[in-house]
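The values are calculated or read from the model by the stated rules, or taken from the named source; none is laboratory data. Keep in mind it's a predicted model, so treat the numbers as computed, not measured. Quick reminder, even Gly has a Cβ in these numbers, built from the backbone with ideal geometry, and neighbours come from all protein chains shown. Surface areas here come from the heavy atoms of the whole protein model, side chains and all, with no ligands, DNA or RNA. Shrake-Rupley method; radii C 1.70, N 1.55, O 1.52, S 1.80 Å.
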Amino acid sequence: MSAPLYEGKAKIVYATDDPQVYRTYFKDDATAFNAQKRGQISGKGAINCAVSSYLFRVLAQAGVTNHFIEQISEREMRVQAVEIVPLEVVVRNLAAGSLCKQTGIAEGTAIAPPLVEFYLKDDALGDPLLTPDRLRLLQVATEAEVQHLQGAALQVNTLLQAFFNRCGITLVDFKLEFGRDRQGQILLADEISPDTCRLWDQQEIDPEKRILDKDRFRRDLGNVEAAYARVLELVTQQAEL
């Protein structure tokens, strides 16, 4: 196996014979709170690879351009080579996580219209929330690109909300990353999985039992593997209809 081009907290990216194609390997490593908490979730890499593959295909069929090409093994996918824009784009449909801690809004409060936030992708700085003026100051993306990212994130939100609703899952919030290809076109990239989305089981009213995402790891709620597997089961069932 060739040396990795990049190794992150959840994935390893490798070059291929085609300079416009990368191979991404999904790990079982789990981190939270900007890697201050570390652990392993057995089978997470395979589940996240499969869930991301399904969701990237769903989005592509709906016209959302993304980097996914094909899943080539249980933990690997081929993707278009992109240079990641150093921004995390977060869409919030219900209040949860840092939004509640920073504002005092009660968890589960509906947010309409959905809130789109931009965070600088920089672990050393704690991935800070960026204001529009700070976005302009940092020049990590043009104003036109920022508008495009916001519109694309809202489009993805509309599509994913509908898909997850059919799965019996509430899409609370999620994080997206985007990249520029060799032609400068911006593509949806990274992954879409229980690592990057807050997902609540619509059949469960208990505020802890309903959680089907990495919050189970963050908050030491247990049954992390079972929650991830449940998401894969529901997504697979819906994708096959």
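What number of residues within the range 9-31 are touching an Asp or Glu at 6+ places or on another chain (Cβ under 9 Å) and within 27 Å of Arg230 (Cβ to Cβ)?
So the count comes out to 8.
Could you check the range 7-24 and list, in sequence order, the residues that are surrounded by 18 or more Cβ atoms within 10 Å (Cβ to Cβ) and out of contact with any Ser or Thr (no Cβ under 8 Å at 6 or more places or on another chain)?
Across the range 7-24, the qualifying residue is only Thr24.
Is at least one residue of the range 55-66 in contact (Cβ under 8 Å) with a residue 60 or more places away in the chain, within 14 Å of Glu191 (Cβ to Cβ), part of a strand (DSSP E or B) and not assigned by the TED database to the domain that holds Arg166?
Within the range 55-66, one or more residues are in contact (Cβ under 8 Å) with a residue 60 or more places away in the chain, within 14 Å of Glu191 (Cβ to Cβ), part of a strand (DSSP E or B) and not assigned by the TED database to the domain that holds Arg166.
With respect to Thr236, determine if the residue is open to solvent by 20 Å² or more (accessible area, probe 1.4 Å), of a type in the set (Val, Ile, Thr) and touching a strand residue (DSSP E or B) at 6+ places or on another chain (Cβ under 9 Å).
Working: open to solvent by 20 Å² or more (accessible area, probe 1.4 Å): yes; of a type in the set (Val, Ile, Thr): yes; touching a strand residue (DSSP E or B) at 6+ places or on another chain (Cβ under 9 Å): no.
So Thr236 fails the test.
Determine whether the range 75-97 contains at least one residue that is without any contact (Cβ under 8 Å) to a residue 40 or more places away in the chain, among the polar types (S, T, N, Q) and open to solvent by 40 Å² or more (accessible area, probe 1.4 Å). Working first, answer last.
As a first pass, look at the range 75-97 and keep what is without any contact (Cβ under 8 Å) to a residue 40 or more places away in the chain: 95.
From what is left, the residues that are among the polar types (S, T, N, Q) are none.
No - not one qualifying residue is present in the range 75-97.
I'd like to know if the range 229-241 contains one or more residues that are farther than 26 Å from Glu76 by Cβ, under 18 Å from the mean Cα position of the chain (by Cα) and in contact (Cβ under 8 Å) with a residue 60 or more places away in the chain.
Checking the range 229-241: not a single residue is farther than 26 Å from Glu76 by Cβ, under 18 Å from the mean Cα position of the chain (by Cα) and in contact (Cβ under 8 Å) with a residue 60 or more places away in the chain.
The conditions are (1) farther than 21 Å from Lys121 by Cα; (2) open to solvent by less than 10 Å² (accessible area, probe 1.4 Å), and Phe217 fails exactly one of them. Which is it?
Phe217 satisfies all of (1) farther than 21 Å from Lys121 by Cα; (2) open to solvent by less than 10 Å² (accessible area, probe 1.4 Å) except (2).
Considering only the range 201-228, state which residues are among the hydrophobic types (A, V, I, L, M, F, W, C) and touching a residue at least 60 places away in the same chain (Cβ under 8 Å). Full working, then the answer.
Initially, the range 201-228 is screened for residues among the hydrophobic types (A, V, I, L, M, F, W, C), giving 205, 211-212, 217, 221, 224, 226-227.
Phe217, Val224, listed by residue number.
What is the one condition in (1) more than 18 Å from Leu149 (Cα to Cα); (2) of a type in the set (D, E, K, R); (3) in contact with a strand residue (DSSP E or B) (Cβ under 9 Å, 6 or more places away or on another chain) that Glu117 does not satisfy?
Looking at each condition in turn, Glu117 falls short on (1).
If you go through the range 136-149 one residue at a time, how many are of a type in the set (A, V, I, L, M, F, W, C) and in contact (Cβ under 8 Å) with a residue 24 or more places away in the chain?
Step one: list which residues in the range 136-149 are of a type in the set (A, V, I, L, M, F, W, C), which gives 137-138, 140-141, 144, 146, 149.
From what is left, the residues that are in contact (Cβ under 8 Å) with a residue 24 or more places away in the chain are 140-141, 146, 149.
The number of residues fulfilling the criteria is 4.
Mind counting the residues in the range 27-50 that are closer than 21 Å to Ser73 by Cα, part of a strand (DSSP E or B) and either in contact with a helix residue (DSSP H, G or I) (Cβ under 6 Å, 6 or more places away or on another chain) or at pLDDT 95 or above (or both)?
Filtering the range 27-50 down to residues closer than 21 Å to Ser73 by Cα leaves 27-30, 40-50.
Adding the requirement that they be part of a strand (DSSP E or B) leaves 29-30, 40.
Going one step further and asking which of them are either in contact with a helix residue (DSSP H, G or I) (Cβ under 6 Å, 6 or more places away or on another chain) or at pLDDT 95 or above (or both), we end up with 30.
Counting residues in the range 27-50 that are closer than 21 Å to Ser73 by Cα, part of a strand (DSSP E or B) and either in contact with a helix residue (DSSP H, G or I) (Cβ under 6 Å, 6 or more places away or on another chain) or at pLDDT 95 or above (or both) gives 1.
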